[in-house]
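Here's the structure, in structure tokens; my notes come after.
The values are calculated or read from the model by the stated rules, or taken from the named source; none is laboratory data. Model, not experiment: these values are computed from the prediction. Quick reminder, even Gly has a Cβ in these numbers, built from the backbone with ideal geometry, and neighbours come from all protein chains shown. The protein model used for the area step is the full one, side chains on, heavy atoms only, and it has no ligands, DNA or RNA in it. Shrake-Rupley method; radii C 1.70, N 1.55, O 1.52, S 1.80 Å.
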Amino acid sequence: MNACPQLDKVELFLDGELSIPDADSFQRHLDGCPQCSEELASLTSLRELLHSLPAKETVPFRTGLAGRIDWVRWRGSVSVPIRIAAVLVLGLALSLAANLYLALGASQGPAVETPAGLARLGSPLRPGEDRVHHIDVPVSEQLRILGEPVVYLYRTGSDE
Amino acid sequence: MNRQAFEKTYRDHYGQVFRYSLAATGNADWAEEVTAETFFRLLRHSAGSDRAIRKPLAWLIRVARNLVLDLHKRSNDPPEARPSGPVHTPEQTLLSSEMHRRVLQAIGELSDRQRDCITLRELGGLSYAEISEALGIGSNEVRVHLHRARRHLRKKLEKWL
């Protein structure tokens with residue numbers, strides 16, 4: 001039996017890639033073409049098989065993703081006066097800390113190292129990596145964040 | 001995207017992003033991490049912008065794909081050593097079915113391009129144009145890769161079709 005010349009349209013039809021008039025026309029063709037109908041049935045079965053792969057049940061947001069985030073401040077949720085006040089307080093604190101640091105001597109004490117296991121925001125985990133996250137936000141970043149409505153600071157802990 | 005819209009997107013698409021990630025990595029643990037990270041990125045994006053994402057699923061799938069690529073780059077396994085054989089994961093219950101293991105194995109046997117195309121299309125729901133854009137290849141090429149991928153999968157998974 002010769003292959004139906006329209007057989008190559010089956011995948012396009014299944015994928016919704018035909019224009020509406022072409023799809024209508026092909027639908028009519030399918031009604032009278034066992035070869036194309038069989039191909040479509042086979043491709044549809046494959047699609048159903050792929051869709052049968054387990055899709056983990058959605059973890060409720062508030063106990064799942066939200067449970068792993070300390071806080072998220074949404075755009076516009078912080079008023080300008082509070083931001084200004086926060087920047088002033090932070091600036092004062094930094095100034096005091098810098099003076100204290102200079103008074104004690106910069107060479108004293110070991111350099112602060114990033115604790116083991118800290119991950120930068122957005123870095124994907126490697127296989128076997130601990131699922132505990134902590135995003136260390138440097139002061140400059142905190143200032144930037146306070147000055148902008150974009151805030152996403154910490155996520156901690158595992159949801160296990 | 002406001003908080004409500006974000007939560008709806010999370011509820012609506014979590015399962016789909018996970019399934020895509022599972023097929024793309026062949027590993028349930030990796031899929032879980034990729035899915036979580038993908039939604040973290042959506043959250044970060046959403047918190048900083050009022051602009052709606054026109055096609056949230058396509059956006060999520062593109063992010064997930066980049067994370068999968070990153071994951072493979074960071075892992076020391078050469079590409080052919082990806083978990084394309086039987087899936088090794090503590091979440092055995094998730095993949096307890098022989099059929100699902102075979103599906104993942106068959107997907108793992110595809111070329112990178114074929115795997116990308118079939119997972120983005122069938123599990124990510126992306127159109128040819130979106131796949132073309134995501135992979136930087138032409139629509140015709142997408143069509144050819146999809147055709148070959150389907151031919152391979154149908155042959156390997158005949159028993160379940």
Report summary line: The set of residues whose placed amide H lies less than 5 Å from the amide H of B:Leu126, leaving out same-chain residues fewer than 5 positions away, is B:Arg121
Query raised in the report: What order do B:Glu158, A:Glu11 take when sorted by accessible area (1.4 Å probe), most exposed first?
Result: B:Glu158, A:Glu11
Requested in this report: Run the numbers on segment A:29-49: which residues show a drop of 20 Å² or more in accessible area, chain on its own versus all protein chains together, using a 1.4 Å probe over heavy atoms?
Outcome: A:Glu39, A:Ser42, A:Leu43, A:Ser45, A:Leu46, A:Arg47, A:Leu49
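Accessible area of chain B with a 1.4 Å probe: how many percent of it is carbon plus sulfur?
Details: 3350 of 7210 Å².
Using a 1.4 Å probe with all protein chains present, chain B comes out at 46 percent carbon and sulfur.
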Requested in this report: Using only Cα atoms, find the angle between the long axis of helix B:98-108 and the longest principal axis of chain B, and express it within 0 to 90 degrees, rounded to the nearest 10.
Outcome: 80
Query raised in the report: Could you state the number of Å between the C-alpha centres of segment B:123-150 and segment A:4-53?
Result: 17
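What do you reckon, how do B:Trp59, B:Trp30, B:Trp160 stack up by accessible area (1.4 Å probe), largest on top?
On the way: B:Trp59 50, B:Trp30 25, B:Trp160 70 Å².
Most to least solvent-accessible, the answer reads B:Trp160, B:Trp59, B:Trp30.
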**Report entry** With DNA, RNA and ligands ignored, accessible area of B:Met1 (1.4 Å probe; Å², nearest 10)
**Finding:** 20
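How would B:Lys156, A:Lys9 rank on accessible area, largest to smallest, probe 1.4 Å? Intermediate values should be presented prior to the final figure.
Details: B:Lys156 105, A:Lys9 80 Å².
Largest accessible area first, the residues go B:Lys156, A:Lys9.
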**Report entry** Heavy-atom accessible area, 1.4 Å probe, ligands and nucleic acids excluded: residues of segment B:10-33 down by at least 10 Å² from chain alone
**Finding:** B:Tyr10, B:Arg11, B:Tyr14, B:Gly15, B:Phe18, B:Arg19, B:Leu22, B:Trp30, B:Glu32, B:Glu33
Query - Residue-wise HN-Hα coupling along segment B:123-132, computed from phi with Karplus coefficients 6.51, -1.76, 1.60 (Hz; x: Gly, Pro) - result: 9, x, x, 7, 7, 4, 5, 5, 5, 4
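Whole number in Å², please: accessible area per residue of chain B, 1.4 Å probe, ligands, DNA and RNA not counted.
So chain B comes to 45 Å² accessible per residue, rounded to a whole number.
Compute the signed sum of charges (Lys and Arg +1, Asp and Glu -1) over the other residues within less than 9 Å, Cβ to Cβ, of B:Ser127. Don't skip to the answer; put the middle values down first.
Details: positive: B:Arg121; negative: A:Asp15, A:Glu17, B:Glu130.
Result for the neighbourhood of B:Ser127: -2.
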Query raised in the report: Roughly what angle does helix B:28-47 make with the longest principal axis of chain B, taking Cα atoms, 0 to 90 degrees, to the nearest 10?
Result: 20
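So for segment B:3-46, Kirkwood radius off the Cα pairs, Stokes-Einstein at 10 °C and 1.306 mPa s: how many µm² s⁻¹?
The Stokes-Einstein estimate is 151 µm²/s.
Could you report the buried accessible area between B and A, both sides summed, computed with a 1.4 Å probe and given in Å² to the nearest 100? Before the final figure, lay out the partial values.
Working: alone 9610 and 12370 Å², together 17050 Å².
Using a 1.4 Å probe, the pair buries roughly 4900 Å².
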